[in-house]
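The values are calculated or read from the model by the stated rules, or taken from the named source; none is laboratory data. In this text, all values refer to a predicted model and were calculated from it rather than measured experimentally. All Cβ positions, glycine included, derive from the backbone under ideal geometry; neighbour counts span all protein chains shown. Each accessible area value is taken on the protein alone, full model and side chains, heavy atoms only, with ligands, DNA and RNA left out. Shrake-Rupley method; radii C 1.70, N 1.55, O 1.52, S 1.80 Å.
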Amino acid sequence: MQVDQAQWWRRAQVAAAVIFAGAALAALIVPAWWLVAILVLSALLFARATSRLATGRIDRAYRLMARIGAGEFAATDDPIDDEPGLRLHRGVARIQRGFSEALAHAEAERDEVRSLLGSVDTGLLSLDEHLRVRSANSVAERLLGLTPGSYRGRFLAEAIREPEFLSFMETSLTSSGALSREIAMGSGGGDTLLVAADPIRAASGQVTGVLVALDDMTRLRRLEQLRTDFAANVSHELRTPITNIKGYLDTLLEVGYDDPAQVSNFLEIAQRNANRLCTLVEDILLLAFLERPGAERQVSLRELPVADVVNDAVEQLASAAAAKSMPIKVQVDAELRFGVDAALATQAILNLISNAIKYAPASTPITIDAALADGIVRIRVGDEGPGIDPIHIPRLFERFYRVESARSRELGGTGLGLSIVKHIAILHGGGVEVSCPEGGGTLFTVCFPRGSRVANHS
Ligand code: ADP
């Protein structure tokens, strides 16, 4: 429609120009007032046509630019089919293309920064000078309990109710440089965060906000606590046998060697305690090896018959079982094979059989069987002992956890046996579980993947 109008005006413009030229020629040849009138009229008509056409072009260009200004970078308009109009249209289209490209570039950069901030382990939070939240990455959302999409533009105090954190943010707004502090969230009952806050300054030096980095220290603190507990437990476990050895040797030196029976008795006690010390140190070293990062690269996996590993463990404990008249019944398919570190797998099964011998009554049988299901070899060691109260089961595989400490020590237990079984299984990509069947007794099941898969040690 607009194109038609433009054509109409151009035709009127051409007609006016022809009339104007004709009238001017006639006025030269035959001077007459009516010819002058025609001349003036056609000049007016020509001027009006030209101005209407120009105004129309400018209006359309203006409208298109207004749409671009409003963010419609993909806005288009019908091209104007005369030469000046086309040039104007092309100019506007060039501006439009420039804007559109600049916007796409800015959006790509923004997405890149966003994914970069989203992929770091540190929580990042940006606040304005009134402590309103500008942005936060997903780690900061998790650590501060911010609901995604709900906090932007809100005052931090509305989103977080942690007085120490809020007052630290206020302090950092007025500080001359970066500050950092460890803050226990949930008023001491939640995660411990290492909070680093750095004021953001404009070129004029005025503070325009704060950039906050958050690191979760909870896991680190928990690990430190575990290490401290472990050191305390080890010292405690070592002290008893060392004190015993020292005590009996001191007494022996004091009383002399006149009574051979007493000397032999004291030496036997010292030897028993020395053996206990050796077992304890060996268990601690084995556990330290199993828990070390990269331990999986130091084990040698071999494809073996499951029966060989089970029988090896049974043989090593044959005399202990015989001493308590406990038969060990093994039911393992000779064809069943798995990929394991032979020494470690034998150690895991040995620990389970040894516990059955220790805690089940004399003359009761121990049963061992193995089965393959879903690519996992499950080896079960069952006894007819007292079983384990379910309240102990969640902590049973922790280091130094014992149901009855005195009984375990009396039986020569270190409190590390089940923890070692668990770590050997995990190292192979498997696991261990315990159940107490209805008829009584305890049943441990240790699982190893059939293939030679070694777990990523964490
Ligand atoms: P320990 O050296 O004390 O035997 P473990 O880690 O091997 O340490 O076992 C932890 C605790 O689990 C033991 O102290 C014992 O109380 C309990 N336990 C383990 N195996 C059995 C079992 N077969 N029957 C009853 N209790 C068991």
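Rounding to the nearest 20 debye, state how big the charge dipole of the range 291-414 is about its Cα centre with +1 on each Lys and Arg Cβ and -1 on each Asp and Glu Cβ.
About 420 debye.
Using Stokes-Einstein with the Kirkwood hydrodynamic radius over Cα pairs, what translational diffusion coefficient do you get for the range 95-159 at 20 °C and a viscosity of 1.002 mPa s, in µm²/s rounded to a whole number?
162
Rolling a 1.4 angstrom probe over the protein chains, ignoring ligands and nucleic acids, what is the accessible area of K324 in square angstrom, nearest 10?
Surface accessible to solvent at K324 totals approximately 60 Å².
Normalised by the number of residues in the chain, what is the relative contact order in percent for Cα pairs under 8 Å and 6+ residues apart? Provide the component values of the computation, followed by the final result.
Numbers: 630 pairs, mean separation 39.3, N = 458.
It comes to 9 percent, rounded to a whole number.
Please give me the summed charge of the neighbours of A106: other residues whose Cβ is under 13 Å from its Cβ, Lys and Arg +1, Asp and Glu -1.
On the way: positive: R110, R114; negative: E101, E107, E109, D111, E112.
Here the count lands on -3.
How much mean residue ellipticity at 222 nm does the chain get from its helices, if each DSSP H run of length 4 or more adds -39500 (n - 2.57) and you divide by all residues, to the nearest 500 deg cm²/dmol? Numbers along the way, then the final one.
Numbers: 13 runs with 247 residues, N = 458.
Value at 222 nm, helices only: -18500 deg cm²/dmol.
Divide the volume of the convex hull of the Cα atoms of the range 261-345 by its number of residues and quote the answer in cubic angstrom per residue.
On the way: hull volume 9.7 nm³, N = 85.
Expressed per residue, the convex hull around the Cα atoms of the range 261-345 is 114 Å³.
Once you sort the root eigenvalues of the Cα gyration tensor of the chain as a ≥ b ≥ c, which label holds: rounded (a/c under 1.5), prolate (a/b larger than b/c) or oblate (the other case)? Walk me through the numbers on the way to the answer.
On the way: a/c = 5.65, a/b = 3.02, b/c = 1.87.
Taking the square roots of the gyration eigenvalues as a ≥ b ≥ c, the chain is prolate.
I'd like the orientation of helix 260-291 relative to the chain: the angle between its Cα long axis and the longest Cα principal axis, in ° from 0 to 90, rounded to 10.
Orientation of helix 260-291: about 20 degrees from the principal axis.
What angle do you read, to the nearest 10 degrees and between 0 and 90, between the alpha-carbon axis of helix 342-359 and the longest principal axis of the chain?
Taking Cα atoms only, the helix is inclined about 60 degrees.
Output the antiparallel fraction of DSSP beta bridges having both residues in the chain, as a percent to the nearest 5. Could you put the intermediate results ahead of the total?
Working: 50 of 54 bridges.
Bridges in the chain are about 95 percent antiparallel.
Compute log10 of I(q)/I(0) for the range 298-457 with the Debye formula, placing one identical point scatterer on every Cα and leaving out solvent, at q = 0.10, 0.12, 0.17 Å⁻¹, to two decimals.
So the normalised log intensities work out to -0.33, -0.48, -1.00.
Any lysines with Cα under 29 Å of the K422 Cα? List them, leaving off those in the same chain fewer than 8 positions away.
K324, K329, K358
Below 13 angstrom from the Cβ of L352, what's the summed charge of the other residues (Lys, Arg +1; Asp, Glu -1)? Spell out each step's value before the answer.
Details: positive: K358, R378, R380, K422; negative: D369, D383, E433.
Charge balance in the 13 Å sphere: +1.
Which angle from 0 to 90°, rounded to the nearest 10, does the C-alpha axis of helix 218-255 make with the longest principal axis of the chain?
Taking Cα atoms only, the helix is inclined about 20 degrees.
Roughly speaking, what is the centre-to-centre gap between the range 217-247 and the range 265-333 when only Cα atoms are used, to the nearest Å?
Value for the Cα centre distance between the two parts: 23 Å.
Step through the residues of the range 104-116 one at a time and calculate ³J(HN,Hα) from phi using the Karplus curve (6.51 cos²θ - 1.76 cosθ + 1.60, θ = phi - 60°), rounding each to whole Hz and writing x for Gly and Pro.
The phi angles translate into 4, 5, 4, 5, 5, 5, 4, 5, 5, 4, 4, 6, 5 Hz.
All other residues with a Cβ under 13 Å from the Cβ of P305 taken together, and with Lys, Arg as +1 and Asp, Glu as -1, what is their net charge? Each step should come with its number before you reach the end.
On the way: positive: R302, R337, R450; negative: E303, D308, D312, D333, E335.
Overall, the nearby charge balance is -2.
Write down the accessible area per residue of the range 101-188 in Å², having rolled a 1.4 Å probe over the full set of protein chains.
Details: 5210 Å² over 88 residues.
With the other protein chains kept in place, the range 101-188 gives 59 Å² per residue.
What is the range 262-310 by shape, rounded, prolate or oblate, if you read a ≥ b ≥ c off the alpha carbon gyration tensor as root eigenvalues and call it rounded for a/c under 1.5, prolate for a/b larger than b/c, and oblate otherwise?
On the way: a/c = 6.29, a/b = 2.02, b/c = 3.12.
The shape class here is oblate.
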